[in-house]
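These notes are about the structure you will find just below.
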Amino acid sequence: MDILFVADPLESFKTYKDTTFAMMREAQARGHRIHACEPVDVLWSQGALVKARVRSITLTLTGQDDAWFTVSATDVRSLSSFDAVLMRKDPPFDSEFFYATHLLEQAEREGAKVFNKPAALRNHPEKLAILEFAEHIAPTLVTRSAQAIRDFHAEHHDIILKPLDGMGGMGIFRMKEDGLNLGAIIETLNQDGAQTVMVQRYLPAIAYGDKRVLLIDGEPVPFCLARIPQGGEVRGNLAAGGKGVAQELSEADWRIARALAPTLAARGLLLVGLDIIGDKLTEINVTSPTCFQEITQQTDCNVAQLFIDALERHCL
């Protein structure tokens, strides 16, 4: 197959942990041809197909960050000329990401097979997507009202506040019962009512990890990565210094994963990352779910292999 990865700049990859790199490595090992571009390279012109300036690449044997690929060709190709197009641009889900999904959806109309499906990417903002599955989440508030946040804190005493467009633990605050600096935190996140904020009851089970549970083609991967906060942090995100520990799914993990997987897969989400703390769902990640390498390195489960198996089922 010819596989196009729409991703961040290749030069920015940290290959020792990057999930897109793991996908590329597994695909190349099977003889598939690898191509890459950035969203900025995708364009449409009246009377023509959606195209992109792409680089055809070969992964090197070293896999080191400074020399992990070579470019064999650069060309302008229609997205429909590829067997699969993988949208792997990292968050934030901003206006440019939104526009990119529309271009990719046009490419679908022209015959391209895009994963995850562009319309599904738009319809599942990673923090708000949990609202559909409220029976699996902790007490949660989504609001622009500073007073509503104060009322929620008065009811639950220990809360987490976070912006809707953050990633990697960015902009997350914990407010304990004393409420010290709650006003300042609200001002920072809420910006006088201009920005919507998500507020959730604090879950003490975070001490045992913020678990990333992966769904591939509607099937849960049997191992998750528990991202455990370190050094007094409340955030388990690896980007915030959390320690990643692979472990088998708990009964609660299986229950949540099996409840959501069929619905999400039916909407064209080939790969999903559920975030679960204890027995509560906290986020549904669809843009560029990660943790393939950490799980594979610590278990006998080759996650990239499972993913490329699924991609082949859809495209061959």
Proxy reagent accessibility, fewest Cβ within 10 Å first, across Asp210, Asp165
Asp165, Asp210
List Ile57, Ile295 from most exposed to least, where exposure is judged by having the fewest other Cβ atoms within 10 Å.
Ile57, Ile295
What distance in nm separates the two pseudo spin-label positions at Arg255 and Trp44, each 7 Å out from Cα along the beta-carbon direction?
4.4
What percent do you get for the relative contact order of the stretch 2-117 when only Cα pairs under 8 Å and 6+ apart count?
30
Quick calc, the chain, dipole around Cα centre from Cβ unit charges on Lys, Arg (+) and Asp, Glu (-), nearest 20 debye, gives 320
Helix-only CD estimate at 222 nm, as mean residue ellipticity for the chain, using -39500 (n - 2.57) per DSSP H run (n ≥ 4)
-8500 deg cm²/dmol
Once you sort the root eigenvalues of the Cα gyration tensor of the stretch 2-141 as a ≥ b ≥ c, which label holds: rounded (a/c under 1.5), prolate (a/b larger than b/c) or oblate (the other case)?
oblate
Of the trypsin sites (Lys or Arg not before Pro) in the stretch 83-164, those whose Cβ has at most 15 other Cβ within 10 Å and which sit in DSSP loop
Arg144
Taking the Cα centre of the stretch 198-240 as origin, work out the dipole magnitude from +1 charges on Lys and Arg Cβ and -1 charges on Asp and Glu Cβ, in debye rounded to 20.
180
Any idea how far apart Arg150 and Leu316 come out in nm if each label point goes 7 Å out from Cα toward Cβ?
6.2
Length gained if Ser81 through Glu132 is fully extended, taking 0.36 nm per residue and subtracting the Cα-Cα distance, is 14.8 nm
By the gyration tensor of its Cα atoms, with a ≥ b ≥ c the square roots of the eigenvalues, what is the shape of the chain: rounded for a/c under 1.5, prolate for a/b over b/c, or oblate?
prolate
Can you sort Lys17, Lys176, Lys51 from fewest to most other Cβ atoms within 10 Å of each residue's own Cβ?
Lys176, Lys17, Lys51
Relative contact order (%) - the chain, alpha-carbon pairs under 8 angstrom, separation at least six:
18
Which of Lys89/Lys243; Lys162/Lys280; Lys14/Lys162; Lys176/Lys243; Lys17/Lys176; Lys14/Lys280 have a Cα-Cα distance over 22 Å?
Lys89/Lys243; Lys14/Lys162; Lys176/Lys243; Lys17/Lys176; Lys14/Lys280
What list of ³J(HN,Hα) values in whole Hz, one per residue of the stretch 255-261 in order, does the Karplus curve 6.51 cos²θ - 1.76 cosθ + 1.60 (θ = phi - 60°) give from phi, with Gly and Pro shown as x?
4, 5, 4, 5, 5, 8, 4
Extension gain, Ser12 back to Asp90 (0.36 nm per residue minus Cα-Cα distance, nm)
26.9 nm
Whether the stretch 139-202 is rounded, prolate or oblate, judged on the alpha carbon gyration tensor where a/c under 1.5 counts as rounded
rounded
Along the Cα→Cβ direction, 7 angstrom out, place labels at Glu248 and Leu61. What is the inter-label distance in nm?
3.9
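Each reported figure results from applying straightforward, stated rules to the coordinates on display, with no laboratory input. All values derive from a computational prediction rather than experimental measurement. Don't worry about glycine lacking a Cβ; one is built from the backbone with ideal geometry, like all the others, and counts go over all protein chains shown.
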